[in-house]
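What follows is a short report on a single structure.
The values are calculated or read from the model by the stated rules, or taken from the named source; none is laboratory data. Just so we're clear, the structure is a prediction, and the values are computed from it rather than from any experiment. Note that each Cβ is placed from the backbone with ideal geometry, even for glycine, and that neighbours are counted across all protein chains shown.
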Amino acid sequence: MSDRCGTVGAMTEELPLDHLVLGSIDVVWSRFRERTAGLTPQEYLWQPVAGCWTVRAAGDRVVADGFRQDPEPAPVTTIAWRMHHLAATCFGTYLTGGLGDWPIPAGEDEWTLDVSEGLAWLDAAWAAFRAGLGTLGSTGLTRALGPDWGPYADDSWAALVLHAQDELSHHGAEIALLRDLYRCR
C-alpha cells in the first residue's frame, strides 16, 4: 500500500522517521489548505450560534476570545478563531519552543478581522513551523523537547509533530464543517 507519504506497511522500517512523520503532516496540511481555498469574509467571521468565540476589535487591537481558557463544554468557535488557534497557539507556540522565532506580525492573543491576512498569517506560521521541523532530521525527532516544555519536557519532537497533526486534523475538519454549514444555511 502506498500514499503521498511514501510506502506504508511492511516497508516503513526502511524509511527515515522524518520522512514518515513530516510526510504525514504535510498531507494533512495540503488537504486543509485545499478546503480553505476561496474562504470568504462572511464565512471567516460567521457565528452559527449565539455565544460563539471569535476574534473581535478591542480598542486598537483584534483579540481572540477566551485566549488560554478551557471551559467545559468548549464553545462553538468561528473559522477566524480556529485559524488563530492553529497559527498562534499551535504552530507559533510550538515553533518558539526551540525551532525558531515568532512567525506572525501579531502577538499570541491577537489576530486579524481580514480573511486574506488571516490566511497569510496562518500560512506564515505553518511555513516557519514546518521549516523548523525540517531541521530536526530523524535523530532530532527522537530527541526530548527539553526543560522549557515543562510537563512535556521528556516527550519527543516526533510526539509534538503528531500532536500538531492532531490539532490540524481536528480544527481543519471543524473549519471544513463550518464552511459546509455556512453554504447550506
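Results for (1) in contact with a Pro (Cβ under 8 Å, 6 or more places away or on another chain); (2) modelled with pLDDT of 95 or more, shown as yes or no for each residue.
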site: 41; (1), (2): no, yes
site: 51; (1), (2): yes, no
site: 57; (1), (2): no, yes
site: 62; (1), (2): no, yes
site: 66; (1), (2): yes, no
site: 73; (1), (2): no, no
site: 78; (1), (2): no, yes
site: 83; (1), (2): no, yes
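In the set (1) over 20 Å from residue 25 (Cβ atoms); (2) at pLDDT 95 or above, the condition left unmet by residue 174 is number (1). Apart from one condition, residue 106 fits all of (1) at pLDDT 95 or above; (2) of a type in the set (Gly, Ala, Ser); (3) more than 22 Å from residue 145 (Cβ to Cβ); (4) surrounded by 14 or more Cβ atoms within 10 Å (Cβ to Cβ); the exception is (1).
Here residue 38 meets each of (1) surrounded by 15 or more Cβ atoms within 10 Å (Cβ to Cβ); (2) out of contact with any Cys (no Cβ under 9 Å at 6 or more places or on another chain); (3) more than 22 Å from residue 131 (Cα to Cα) with one exception, condition (1). One residue alone among 120, 158, 176, 80 is among the small types (Gly, Ala, Ser), touching a residue at least 60 places away in the same chain (Cβ under 8 Å), assigned to a helix (DSSP H, G or I) and within 17 Å of residue 41 (Cα to Cα), and that residue is 176.
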